[in-house]
Amino acid sequence: MKIAILASEGAPYIKSGGLGDVMEALPAALQRISGNEVALILPYYKKILEDDRYPVEFVTCFDTQLGWRQQYTGILKLKNRTDGVQVYFLDNLYYFGHRPGAIYGQLDDGERFAYFSKACLEALLHLNFIPDVIQCNDWQTGLVPVYLAAEYYPKFPGTKCMFTIHNVEYQGWADGYFFDDVLALPGNWRACLDLNGGINVMKGAIETAHLVTTVSETYAGQLMQSYYAHGMEGILQNAAGKLTGITNGIDVNTFNPATDPALGCHYDVTSFGNGKAKCKKLLQEEVGLPQKAEVPLMVMVTRLAGHKGLDLLCYIAERMLKEQDCQLLILGTGEPQFEKFFRDLAEAFPQKVAAEIRFDLGLASRIYAGGDIYLMPSKSEPCGLSQMNAMRYGTVPVVHATGGLKDTVPGVDEMGQGGLGFTFQSYNADDFYWAIQRALNLYHNHPDKFYALQKTDMEQDFSWDKPAARYLELFRKMLG
Ligand code: GLC
């Protein structure tokens, strides 16, 4: 099957979050299934352009028409991908190559990604890569099925399009003028994109894609409810027949405690005790915490965003640190009030808390390896990947049972039996604290049971093999 995967980010080239990780592993997993030919298309951001690890060759160029704008598009092919996935970057200096800073968050993001979506379809034509299936991701590539349905279908007669929602919170809202000025679609397509008088790209994608998926089964159900769906519930209820949840995997080659180059010491599931203990010691040293083997080290790697459940942690942090024999380590950046909170907390409890307010993938790996307990109290979580990374490295998760966290971390009892981690059901600080206390109790008072739970966590298959097979199943369903 010929598969084109379109996205606004993809590791290792460019990544701001989980979407980037999925775009690293899913194309590779689909390519490994024999008979598949996978092309991945990404924007050629300044950061990729300046990175000499990613040499490219020029394939061809053309103009992409966006309303009255005629914009250059160059197709560059990555030269050193070794697993068979064809990686193409779309080159346009105005929208991507000359923009400094982050991937998202520019005033004209709507126009930038409308351009990218249309340029992707043009690029497939110029590459003469007419796919059986186009898989696109989040609102940034959400105009692909819309353009396909409105304008491009004669050129892609057999092509089916899947739209995948990684987070319903970001929908691609724009003013009404965007429809005429940027999209310049025939007037009868306005209704498809209109939501409450504005233009909503995700709505258009849901309505025009042949199938819609999201990144866990529980989240697929939650998307029907207004509490989770950020105004998209009605649209998704109408589309319920074509919505499926497929729980993400993780890249088990990248995230492997036996080989991860970021670690100072390696271990695997057969004998992890000593190796993991050494990683913990090195980590405590690296972040300036007392090197105590017997004190449980609770860790978090997270964007410091409200929906990650940080308000629960803020609420209980001081009490917990006074009452419990534990250490707490946080890595991440985000909303200023949280950055400040954790900096202040580390200052108030220097023997117990370390706050690393930055983005550091190497340290993230060392935290998965060196931690004992991984905290993830997200208010909502489409899938979440770091809880799986943590388990792969033998770090026991404590999670709010929502979205993908519910699907990937079945709850254990007081003795650590019957699941993979400690869970709490209602979004409430005391319930979170109680789940933490159960984890600490197991750590302190039943170390053999804690060890057995770590081992069970490490033994799980979080690879992309099964999810990729499910994607393929849905691709076949679309093709009839
Ligand atoms: C988004 C979601 C996260 C998910 C990731 C990859 O970042 O917030 O839960 O794991 O996408 O699908």
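The values are calculated or read from the model by the stated rules, or taken from the named source; none is laboratory data. All of these numbers come straight from a predicted model, not from anything done at the bench. Cβ atoms come from the backbone with ideal geometry, glycine included; neighbour counts cover every protein chain shown.
Of the residues Leu405, Leu442, Leu474, only one is assigned by TED's automatic domain parsing to the domain that holds Val133, at pLDDT 95 or above and hydrophobic (A, V, I, L, M, F, W, C); which? Result: Leu474 is the single residue among Leu405, Leu442, Leu474 that is assigned by TED's automatic domain parsing to the domain that holds Val133, at pLDDT 95 or above and hydrophobic (A, V, I, L, M, F, W, C). Here Met320 meets each of (1) crowded, with 24+ Cβ neighbours inside 10 Å; (2) in contact (Cβ under 8 Å) with a residue 60 or more places away in the chain; (3) not β-branched (Val, Ile, Thr) with one exception, condition (1). Would you check if Ala262 is in the same structural domain as Thr408 (by TED's automatic domain parsing), among the small types (Gly, Ala, Ser), in contact with a helix residue (DSSP H, G or I) (Cβ under 8 Å, 6 or more places away or on another chain) and part of a loop (DSSP other than H, G, I, E, B)? Here the answer is no, as Ala262 does not meet what is asked.
Determine if region 30-40 includes at least one residue that is within 16 Å of the ligand (Cβ to nearest atom) and in a helix (DSSP H, G or I).
Our first condition is that a residue be within 16 Å of the ligand (Cβ to nearest atom); within region 30-40, this holds for 30, 40.
Okay, now just the ones that are also in a helix (DSSP H, G or I), so 30.
Yes, because at least one residue in region 30-40 is within 16 Å of the ligand (Cβ to nearest atom) and in a helix (DSSP H, G or I).
Selection of region 209-249 for residues being within 20 Å of Ala28 (Cα to Cα) and among the aromatic types (Phe, Trp, Tyr) yields an empty set.
Of the candidates Gly105, Gly84, the single residue that is assigned to a loop (DSSP other than H, G, I, E, B), touching a residue at least 24 places away in the same chain (Cβ under 8 Å) and either closer than 27 Å to Asp132 by Cβ or within 16 Å of the ligand (Cβ to nearest atom) (or both) is Gly84. Scanning region 397-421 for residues being surrounded by 19 or more Cβ atoms within 10 Å (Cβ to Cβ), farther than 22 Å from Cys279 by Cβ and away from the ligand (no atom under 16 Å from the Cβ) gives a total of 1.
Restricting attention to region 377-391, the residues that are more than 9 Å from the ligand (Cβ to nearest atom), surrounded by 24 or more Cβ atoms within 10 Å (Cβ to Cβ) and closer than 21 Å to Val168 by Cα total 2.
Of the listed requirements (1) without any contact (Cβ under 8 Å) to a residue 12 or more places away in the chain; (2) surrounded by 14 or more Cβ atoms within 10 Å (Cβ to Cβ); (3) under 30 Å from Met162 (Cα atoms), Ala468 misses just one: (1). Show the residue pairs meeting these rules: Cβ distance below 7 Å; 6+ apart or different chains; first residue within region 217-236 and assigned by TED's automatic domain parsing to the domain that holds Tyr170 and touching a residue at least 12 places away in the same chain (Cβ under 8 Å); second residue part of a helix (DSSP H, G or I) and hydroxyl-bearing (Ser, Thr, Tyr). Every condition considered, the pairs that remain are Gln222/Tyr228. Cβ-Cβ contacts under 7 Å between residues 6 or more apart (or on different chains), taken from a first residue in region 13-26 that is within 8 Å of the ligand (Cβ to nearest atom) to a second residue that is among the small types (Gly, Ala, Ser), are listed as Leu19/Ala7; Asp21/Ala11.
Suppose we keep only residues that are within 26 Å of Tyr152 (Cα to Cα) and basic (Lys, Arg) within region 46-105. Which one would you say is surrounded by the most Cβ atoms within 10 Å (Cβ to Cβ)?
Start the filter on region 46-105 by keeping residues that are within 26 Å of Tyr152 (Cα to Cα), which leaves 58-77, 85-96.
Checking the rest, the ones that are also basic (Lys, Arg) come to 69, 77.
Values: Arg69: 15, Lys77: 17.
It comes out as Lys77.
Going through (1) within 15 Å of the ligand (Cβ to nearest atom); (2) at pLDDT 95 or above; (3) assigned to a loop (DSSP other than H, G, I, E, B) one by one, Gly394 falls short only on (1). Screening His307 with (1) within 23 Å of the chain's Cα centre (by Cα); (2) outside any helix (DSSP H, G or I); (3) in contact (Cβ under 8 Å) with a residue 40 or more places away in the chain gives one miss only, at (2). Residues that are more than 16 Å from the ligand (Cβ to nearest atom) and over 30 Å from Ala468 (Cβ atoms) number at least 1 in the following strands (runs of 3 or more DSSP E) confined to region 156-226: 198-200.
Of Val299, Val252, all but one fail to be assigned to a loop (DSSP other than H, G, I, E, B), closer than 30 Å to Ala29 by Cα and touching a residue at least 40 places away in the same chain (Cβ under 8 Å); the exception is Val252.
Matching residues to (1) assigned to a helix (DSSP H, G or I); (2) in contact with a Cys (Cβ under 7 Å, 6 or more places away or on another chain); (3) within 24 Å of Pro261 (Cα to Cα):
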residue: Gln337; (1), (2), (3): yes, no, no
residue: Lys340; (1), (2), (3): yes, no, no
residue: Leu345; (1), (2), (3): yes, no, no
residue: Ala354; (1), (2), (3): no, no, yes
residue: Gly362; (1), (2), (3): yes, no, yes
residue: Ser365; (1), (2), (3): yes, no, yes
residue: Tyr368; (1), (2), (3): yes, no, yes
residue: Ser378; (1), (2), (3): no, no, no
residue: Glu381; (1), (2), (3): no, no, no
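Restricting region 422-441 to residues that are closer than 28 Å to Asn274 by Cβ and without any contact (Cβ under 8 Å) to a residue 40 or more places away in the chain leaves a set whose member that is farthest from the chain's Cα centre (by Cα) is Asn441.
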